[in-house]
Every structure is written in C-alpha cells, then in structure tokens.
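What follows is a short report on a single structure.
The values are calculated or read from the model by the stated rules, or taken from the named source; none is laboratory data. Keep in mind that what you see is a predicted model, and the values were worked out from it rather than measured. Cβ coordinates were reconstructed from backbone atoms using ideal geometry, including for glycine residues, and neighbour counts include every protein chain displayed.
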Protein chains: 2
Amino acid sequence: MALVAEVDKQERGPQKTGLEALARLVDDDLQAVNRLIVAHMDSPVALIPQLAGHIVAAGGKRLRPMLTLAAARLCGYRGTRHQGLAASVEFIHTATLLHDDVVDTSNMRRGLATANAVWGNKPSVLVGDFLFSRAFQLMVADGSLDVLRILSNAAAVIAEGEVLQLMTANDTSSEESAYMQVVEAKTAALFAAACRVGAVVAERPEAEELAVERYGRDLGIAFQLVDDVLDYSALQAELGKSVGDDFRDGKITLPVVLALRRADEGEKAFWRRCLEDQDHQDGDLDTAIALLQRHGTLAETMARARDYAASARDALAPFADGPAKAALCEVAEFCVERAY
Amino acid sequence: MALVAEVDKQERGPQKTGLEALARLVDDDLQAVNRLIVAHMDSPVALIPQLAGHIVAAGGKRLRPMLTLAAARLCGYRGTRHQGLAASVEFIHTATLLHDDVVDTSNMRRGLATANAVWGNKPSVLVGDFLFSRAFQLMVADGSLDVLRILSNAAAVIAEGEVLQLMTANDTSSEESAYMQVVEAKTAALFAAACRVGAVVAERPEAEELAVERYGRDLGIAFQLVDDVLDYSALQAELGKSVGDDFRDGKITLPVVLALRRADEGEKAFWRRCLEDQDHQDGDLDTAIALLQRHGTLAETMARARDYAASARDALAPFADGPAKAALCEVAEFCVERAY
C-alpha cells in the first residue's frame with residue numbers, strides 16, 4: 001500500500017464545490033425527494049425499510065436524482081412532478097447497487113459495510129427487487145408513459161451492461177469497445193435517462209430532451225471512467241473506500257485495457273495471472289498500479305474523462321445561461337475532479 | 001426415502017386434463033405469447049437469451065400467462081393486447097424464479113438444473129433484473145397505466161412476501177397468519193394480477209375485474225398450499241423434483257405450523273433442531289413426514305386448498321357459462337389435484 005498516500009484535505013475543497021452548487025440549486029426539491037424516498041421505502045415487513053434505509057438514507061451523493069431535478073429546472077419546469085421521478089431514479093440506482101454488491105461480493109460501499117455484508121445476500125436481492133418495483137410504482141403514480149418508456153428501457157440496458165461486464169471479466173483479450181459498451185450501459189444509461197425525464201416533465205421540444213440526454217450520457221461516461229481510475233488511486237483509501245476492487249474482481253477497465261495493449265510478454269503474463277487466473281500474491285496491486293503509471297494509462301483515462309465532461313457541457317449549448325446551466329456545468333467539472 | 005413411493009402414471013391422467021382444457025382454449029394466443037417471450041428475451045449479450053432460455057423456454061406450465069389469456073377471453077376480449085401482457089406476466093414470474101433459486105440456493109427446478117446451478121448466482125440475479133425490466137417494457141408498449149399499476153403493485157407485494165418468508169424462516173413460533181401473508185404476497189398476488197389485467201384489456205366494468213382478481217387470488221392460495229404439501233410428497237420425487245426443500249430451508253409452511261401446534265415436547269424439540277438450528281440428521285425428513293401424517297396436517301392443508309379452489313370457482317359466478325369459464329373452473333380443479 002506504499003502508493004496509497006495521504007492527501008491534503010484542502011486539495012479537495014474546490015472539487016466538492018461542483019456538487020454543492022447543484023445541491024444548493026435543487027435544495028428544496030431534494031428535501032422533498034428525500035421525504036418521498038423515506039416514505040416509499042417503508043413496508044410492514046420491517047427488514048425492508050431497515051435494509052433499504054442502510055443504503056438509501058445513510059449516504060450517497062444523490063447525484064442522479066439531483067440531475068433529474070436540475071434538468072427539469074434547466075428546461076423551465078416549475079411544478080413538483082420531477083420530485084417523484086427523481087425518487088424513482090434513485091430507487092433504480094439503489095436497487096442496482098444492492099444487486100451489484102451481491103454480484104461483486106463487496107463488503108464496503110461509501111465507507112460503510114454493504115447490505116449484503118450485514119444481512120446476507122438473500123435480503124439484498126429481494127429488497128433490490130422491492131425498490132425496483134417501488135420505482136415503477138412512483139412512475140405509474142406520475143402517469144407519463146414517456147417517462148415509463150425511458151426508465152424501463154434504461155433499466156433493461158443497465159442489466160445488459162452488468163451481464164456484459166460479467167462476461168468480459170477475467171478476459172484480458174477483451175477490447176476497449178466492449179469496455180465502452182459496459183460503461184455506456186451500466187452507468188451512462190441511467191445518467192442519460194435521469195436527465196431526460198427532467199426535460200419530459202417540462203414538456204419541452206424533443207431537441208431539448210435529446211440535448212439533456214446527451215449531457216447525461218457523456219457525464220455518466222466521464223463519471224465511470226474516473227471511477228475506474230479511482231479504483232487504482234490513493235485518494236480512495238483515504239475516503240474509507242477500498243482500493244483495487246476491480247483488480248481483485250478481474251474487471252478489465254480502460255486503464256488495464258490500455259496497459260495490456262502496451263505490455264511486454266512479462267507484463268502480459270502478470271495481468272493474465274492476476275486477472276484471468278485470479279492468482280493473487282502480496283504486492284500485486286502495487287505492481288499493477290506501477291504498470292498503469294509506467295504506461296500512463298491512468299492519466300490517459302482521466303484525459304478521456306475530461307473529453308467526455310467537455311462534451312457534456314457542450315451538449316447544454318442550446319440552453320440559456322443561468323443558475324441551472326451553470327450548476328450542471330460545474331457537475332461535469334466535479335465528475336472529473338472528484339476524489340470520491 | 002421409504003415414503004417416496006412409485007405412483008401409477010394412470011393416476012395423473014385426469015389431473016393433467018385440467019390444464020389441457022385451458023391450453024386448448026388459449027392455444028393460438030399462447031403460441032403468440034411464446035413467440036413474444038422468445039423475441040423479448042433476446043439481447044446482443046449472448047448469456048442473457050442463453051440463461052433466460054434455459055428457464056423460460058425449456059419448460060414451465062405457463063399457468064400465469066394462460067390465466068391472463070383466459071381471463072381476457074372470459075370477459076369477451078377479441079384483440080391481441082392480452083398476448084403482450086401475458087408475456088409480461090411470465091417475465092415477472094421468471095424473474096422471481098431466478099431470484100428465488102439464488103435466495104434458496106436451489107439446484108433443481110422442473111427436473112432440470114437451476115440457472116444458478118449452471119451459471120452461478122451472479123448472472124441469475126442480473127438476468128432476473130433484465131427480464132423484470134423487459135416485463136415493464138412490454139407493459140409500456142401496451143400503453144395502459146391501469147395495467148402498469150396492477151403489475152407494479154403486484155411486483156412490490158411479491159418482493160415483500162419473499163422478504164417476509166425469509167424473516168419467518170427458521171422460526172418455529174411463526175403463526176399461521178404470517179404464513180398466509182407470505183402465500184398471498186409471494187404467490188397469490190401475481191395470480192390475481194395476471195387475471196385482472198385480462199379483464200382490464202377487455203374494458204369490462206370494475207365488478208368483473210374484481211371478480212377475476214378474486215378468482216386469481218384464491219386460485220393462487222390454493223396452488224401454493226398444494227405446493228407446500230407436495231414438498232413433503234412422494235409424487236414430487238417421481239417427477240424429478242426434490243422433496244423436502246422447504247424442510248431443509250427451514251420454511252415454516254402450513255403443514256408444519258399445524259403440526260407444531262399439536263406437537264408434544266419431544267416433537268417440538270425435533271422441529272426446533274431441524275428448522276431453527278438447521279441441524280439435520282439422516283432420516284429427519286422421513287420423521288418429519290411421519291409427524292405431519294400422524295397429525296393429519298398434510299390432509300388438512302389439502303382440505304384448505306380445496307376450499308380456496310372452490311372459492312375461486314365461486315368468484316366466476318357473475319360470468320356466463322361457456323368454454324372460458326369451464327376451463328378456468330377446471331384449472332381450479334387441477335391446482336388442487338395436481339401432482340406437479
């Protein structure tokens with residue numbers, strides 16, 4: 001763990017600002033969303049609010065629901081429908097987190113023990129199903145078939161992406177294109193849908209829906225690229241998140257795809273042993289990080305993330321300047337500069 | 001396994017007839033439903049149709065989608081909307097089966113290895129999520145918010161029932177009322193919803209919707225009661241299904257609830273050791289079956305199932321006699337006389 005260094009907390013000040021501007025913009029709405037979340041995760045079956053509360057209420061940036069709220073605001077919406085849909089988006093996200101943690105056999109998330117680590121896999125699978133159903137109940141209560149179409153499509157694409165990720169794991173021959181497909185499906189699809197439903201409730205022309213959708217998609221790709229860099233980063237450990245989860249799971253993320261392309265025979269054998277054979281020895285993670293740094297692939301992945309973040313900002317060009325647009329531009333900044 | 005006896009196949013002839021009448025009634029529609037199922041479980045991610053095909057296409061009685069088709073027919077519907085909704089119902093059912101098998105760590109279903117036994121838990125969880133999303137996509141394509149409301153409510157109730165079942169498992173003090181709550185939620189809710197959406201597409205008065213819904217609910221309860229009896233039955237083994245799964249999982253089904261109520265101290269200690277402590281020894285299942293038989297609780301559970309089946313038939317009173325009503329009455333018969 002020699003590469004996991006202390007980072008001056010001061011360095012993270014400006015990075016946090018990106019989300020705080022968004023949080024300020026949607027503050028009242030977000031409080032309403034949080035109340036909806038708490039109300040709708042309730043059930044006479046006590047374990048459900050208990051387990052859901054652990055993951056829903058205890059933490060999380062609420063990034064996706066804030067995107068729904070801000071996109072609606074950007075499109076001039078002044079009602080309250082976006083609140084229920086933001087809660088629905090967060091429930092879909094939470095359901096996939098619960099199932100992901102089971103699939104990845106993760107023990108830590110956001111610095112806390114995962115639900116599956118506390119209660120076991122079984123209730124995590126079932127409470128995930130419950131929250132997913134609740135997401136659809138919230139959409140039905142809203143009553144827009146367009147919203148239902150967008151979010152049910154996104155949910156199917158997310159599941160496809162998760163399965164594709166499983167299939168490409170432990171395969172050092174998997175291509176950059178397969179990796180990008182996984183990122184677009186498992187992460188960017190929900191960012192895109194979260195933004196688009198905000199435009200749908202504002203009843204804006206389709207061009208605006210498509211613009212905020214593109215913003216969301218590119219933002220989501222940037223976000224995931226950075227996530228995959230952070231898994232090999234010193235900053236993660238400082239924040240109570242584990243480092244090297246992807247490495248141990250054999251996930252072939254972009255930094256690894258690029259490093260494999262530039263690897264000599266010895267390096268290839270190292271990656272194959274660790275990622276394909278899952279034969280791990282002490283110091284392997286440090287070796288992996290050193291290889292990624294030697295070939296500059298963490299920096300290159302970050303550069304791509306910045307390109308996507310810039311493209312996300314560009315997508316907002318059709319909208320007039322104002323606090324919503326400014327906050328969304330700052331979110332794009334946050335996504336690539338964040339340390340968590 | 002002394003209690004697992006050969007059963008003359010002739011005995012099952014008339015039992016099968018109950019479903020065959022239904023299958024004949026909805027034959028053309030069911031073929032269309034099967035085509036929709038195959039088309040909608042497709043995905044560029046090869047493992048999805050592979051795994052889904054294993055559980056969806058390879059078997060199953062298609063009882064729930066046939067109920068949707070027959071309920072629509074009973075209500076005089078002549079269009080094709082019920083086909084897509086029947087496929088949606090089957091996808092919800094299949095998604096819960098995939099997740100159930102993960103939760104129960106089952107290895108066999110319908111005489112075949114379970115998907116989790118073949119491919120592992122991870123893809124089973126994710127393909128379940130995929131099929132669940134596909135179910136909602138099919139409903140959205142249909143375009144009825146009433147249908148979406150009915151089936152998203154059912155999906156939430158099913159998940160609640162599954163969690164409640166987990167919470168009452170291994171607890172020999174759990175009451176009959178908790179058991180009935182589990183049955184109504186995990187099984188009867190989808191039977192009820194499957195029937196009701198058939199009436200919804202026919203655009204019949206609400207009284208008819210409620211009548212077919214009550215038919216479905218009572219039929220589902222009867223079906224599950226019989227399922228719980230069959231888990232202790234000789235007929236199961238003959239059909240390639242394992243016997244005693246509930247016993248090994250520590251599920252407190254009605255035959256056990258009733259036997260516990262009548263148990264002496266020694267018997268109570270036996271049930272506690274097996275169901276609470278999960279301390280199993282050779283011959284325990286035979287002992288359990290002998291206790292259930294001594295206290296007549298398998299027969300009593302069957303008697304209750306017959307009451308619910310009769311109540312299901314009674315619910316159809318408002319409808320005119322005809323092939324649809326006759327077939328649905330025969331299904332109620334089948335559910336309590338079936339050996340599988």
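Listing for the model above:
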| item | result |
| --- | --- |
| Flag for A:Leu85 being touching an Asp or Glu at 6+ places or on another chain (Cβ under 7 Å) and more than 9 Å from chain B (Cβ to nearest Cβ) | yes |
| Tally, over segment B:147-178, of residues that are facing chain A (nearest Cβ under 9 Å) and more than 25 Å from B:Asp277 (Cβ to Cβ) | 13 |
| Residues satisfying the stated conditions in segment A:35-57, i.e. farther than 21 Å from A:Gly120 by Cβ and under 19 Å from the mean Cα position of the chain (by Cα) | A:Ile37 |
| Residue in segment A:79-93 that is more than 30 Å from A:Glu203 (Cβ to Cβ) and out of contact with any Lys or Arg (no Cβ under 8 Å at 6 or more places or on another chain) present | no |
| Subset tally (residues that are closer than 20 Å to A:Ser177 by Cα and at pLDDT below 95) for segment A:228-246 | 1 |
| Those residues of segment A:257-292 which are of a type in the set (A, V, I, L, M, F, W, C) and touching a residue at least 40 places away in the same chain (Cβ under 8 Å), in sequence order | A:Val257, A:Leu258, A:Leu260, A:Trp271, A:Leu275, A:Leu285, A:Ala288, A:Ile289, A:Ala290, A:Leu292 |
| Some residue of segment B:219-236 being of a type in the set (Ser, Thr, Tyr) and within 29 Å of B:Ala86 (Cβ to Cβ) | no |
| Set B:Leu190, B:Leu166, B:Leu131: member being in contact (Cβ under 8 Å) with a residue 40 or more places away in the chain and under 14 Å from the mean Cα position of the chain (by Cα) | B:Leu190 |
| Answer residue from segment A:101-120, given it is in a helix (DSSP H, G or I) and surrounded by 21 or more Cβ atoms within 10 Å (Cβ to Cβ) and is nearest to the other protein chains (Cβ to nearest Cβ) among those | A:Val103 |
| Residue among A:Glu203, A:Glu176, A:Glu184, A:Glu208 that alone is at positive phi and acidic (Asp, Glu) | A:Glu203 |
| Output for segment A:136-146, where each listed residue is under 25 Å from B:Val45 (Cα atoms) and more than 7 Å from chain B (Cβ to nearest Cβ) | none |
| Pairs, first over 14 Å from B:Arg261 (Cβ atoms) in segment B:293-307, second not in a helix (DSSP H, G or I), C-beta under 8 Å, six or more apart | B:Leu298/B:Tyr232; B:Leu298/B:Ser233 |
| Boolean, A:Gln181 is in contact (Cβ under 8 Å) with a residue 40 or more places away in the chain and of a type in the set (S, T, N, Q) | no |
| Single condition B:Arg214 does not satisfy, out of (1) touching a strand residue (DSSP E or B) at 6+ places or on another chain (Cβ under 7 Å); (2) charged (D, E, K, R); (3) modelled with pLDDT of 95 or more | (1) |
| Flag if A:Val256 is closer than 20 Å to A:Leu292 by Cβ, among the hydrophobic types (A, V, I, L, M, F, W, C), at pLDDT 95 or above and under 16 Å from the mean Cα position of the chain (by Cα) | no |
| Subset of segment B:37-54 (residues that are free of Cβ contacts under 8 Å to residues at least 24 places away in the same chain, in contact with a helix residue (DSSP H, G or I) (Cβ under 7 Å, 6 or more places away or on another chain) and surrounded by 15 or more Cβ atoms within 10 Å (Cβ to Cβ)) | B:Val45 |
| Hey, B:Leu258 touching a Gly at 6+ places or on another chain (Cβ under 8 Å) and buried (at least 17 other Cβ atoms within 10 Å of the Cβ) or not | no |
| Of the criteria (1) crowded, with 22+ Cβ neighbours inside 10 Å; (2) touching a Gly at 6+ places or on another chain (Cβ under 6 Å); (3) of a type outside the set (Phe, Trp, Tyr), which one A:Asp142 fails | (1) |
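Residue-wise test of (1) of a type in the set (Gly, Ala, Ser); (2) modelled with pLDDT of 95 or more; (3) at positive phi.
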position: B:Thr17; (1), (2), (3): no, no, no
position: B:Gln31; (1), (2), (3): no, yes, no
position: B:Ala57; (1), (2), (3): yes, no, no
position: B:Ala71; (1), (2), (3): yes, yes, no
